[in-house]
1. Go through 105, 227, 169 and say which Cα lies farthest out towards the positive end of the charge dipole of the chain; charges sit on Cβ, +1 for Lys and Arg, -1 for Asp and Glu.
2. Viscosity 0.890 mPa s, temperature 25 °C: give me the Stokes-Einstein translational D for the chain in µm²/s, with Rh taken as the Kirkwood radius over C-alpha pairs.
3. What is the extension gain from residue 258 to residue 77, computed as 0.36 nm multiplied by their sequence separation minus the C-alpha to C-alpha distance, in nm to one decimal?
4. If Lys and Arg each add +1 and Asp and Glu each add -1, what is the summed charge of the other residues whose beta carbon sits under 12 Å from the beta carbon of residue 349?
5. I want to check the label-to-label distance for residue 152 and residue 296. Put each point 7 Å from Cα in the C-beta direction and report it in nm to one decimal.
6. Run lengths n ≥ 4 of DSSP H only: what is the helix-derived mean residue ellipticity at 222 nm for the chain, with -39500 (n - 2.57) per run over all residues, to the nearest 500?
7. Can you put 249, 55 in order, fewest other beta carbons within 10 Å first?
8. Could you give the dipole magnitude of region 191-286 about its Cα centre, charging the beta-carbon of Lys and Arg +1 and that of Asp and Glu -1, in debye to the nearest 20?
Amino acid sequence: MDVASTPSPAPLVPGATAPGAADDAFPVVFDDGCALCPRRCGAARDRAAGFCGESSTLRIASYGRHFGEEPCFTGAYGSGAFFFSGCPCHCFFCQNAQISLPDGLGHPVTDDQFHDMALRLIAEHAVNLNFVTPDHVWPHVEALCRRLRDRDGATLPFLFNSSGYHAEALLDRALATCDIFLPDFKFCSPALAAEVMGDARYPEIALRALDRILGAKGFLTPFDPSGTTPAREGLLVRHLVLPGHAEDSLELLALLRREFGPLLPLSLMSQYTPTPAAIRRGAPWNRALDPTEYNQVIDAAESLGFENVFIQPLGSIPPGPAATTPDPFLPDFSSAAPFPGNPVPPPFPAS
Ligand code: SF4
């Protein structure tokens, strides 16, 4: 899709400023009746937080050059990632629960500060700007992207790094704004989706989203697993294999193969770590993934003929319950450097 040829979409929130509708459409304004995500909780976010836990004020928990993505998104200098506070999904095992749940960690930032942070990452040669689960803060993100492209002439790709749980109107706007799409496809079973995030509609919503993204952007390109030539555009689907639910992963792979063919780029992740909330749920959520479960899923991907698949090394699965085992994939957002292996994040701009 030629982004420049995409018609300007309508505002998502009744009464909201349509980002980019006018040259000076900053900062973004929220108004009554938020419908940015499929919860459609209708919160008046200029006055109160919605189900996602966030008001109209943008809060960012961490930002910086991030090496925790697949190599095609990090290249030599890292992905310029923004981790936002709040989330519409509320998966009970969320690995980012410190920031994703209501009243989670985060710094309020203005749109001008957000812009300064992005310019800093660009100056540090980040290979893309990576917006992690951005649906509930989308007006801020879209405004930033338009400002960077239209006023600053930024050419690096914008990466929509998401849950797969999207309102269609928002997805249209994201497709008109971002270049790379990295959605999860979390579950195939509506019952499992209902158990984990309280919305049995997730599988159909995520499948529709994949179809829409693929139609607009195609498969990830270039697909260079070494990261020597970072991706510029297109779709890669992520799936976290869950303990005790390998069967769901097998059904999900069969569905993806049927719908999108063997060239669909995939990342099959093994890094599930039981958080305190997951441990309280009991088995099977209170343990790490068993390598035999993960191998079963990898073998299925191979049998189905998928050609472009990222696999996490089995050695990266923490042995036994993570309650007693430190996990390198579980960030600590209360720390000045939440992700081991990343450069120390830059400071937040002074208010
Ligand atoms: S983004 Fe937040 S406030 Fe808006 S509909 Fe979703 S949960 Fe509600």
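Derivation of every value follows stated rules applied to the coordinates shown; laboratory data play no part. Note that the coordinates shown come from a computational prediction; the quantities given were computed from them, not determined experimentally. Cβ coordinates were reconstructed from backbone atoms using ideal geometry, including for glycine residues, and neighbour counts include every protein chain displayed.
1. 105
2. Estimated diffusion coefficient is 120 µm²/s.
3. 61.5 nm
4. Details: positive: 120; negative: 111, 112, 116.
The answer is -2.
5. Distance between label points: 4.7 nm.
6. The helix-only estimate for the chain comes to -8000 deg cm²/dmol at 222 nm.
7. Listed from fewest to most nearby Cβ atoms, that is 55, 249.
8. On the way: 10 positive and 10 negative charges, 37 e Å.
Computed charge dipole of region 191-286: roughly 180 debye.
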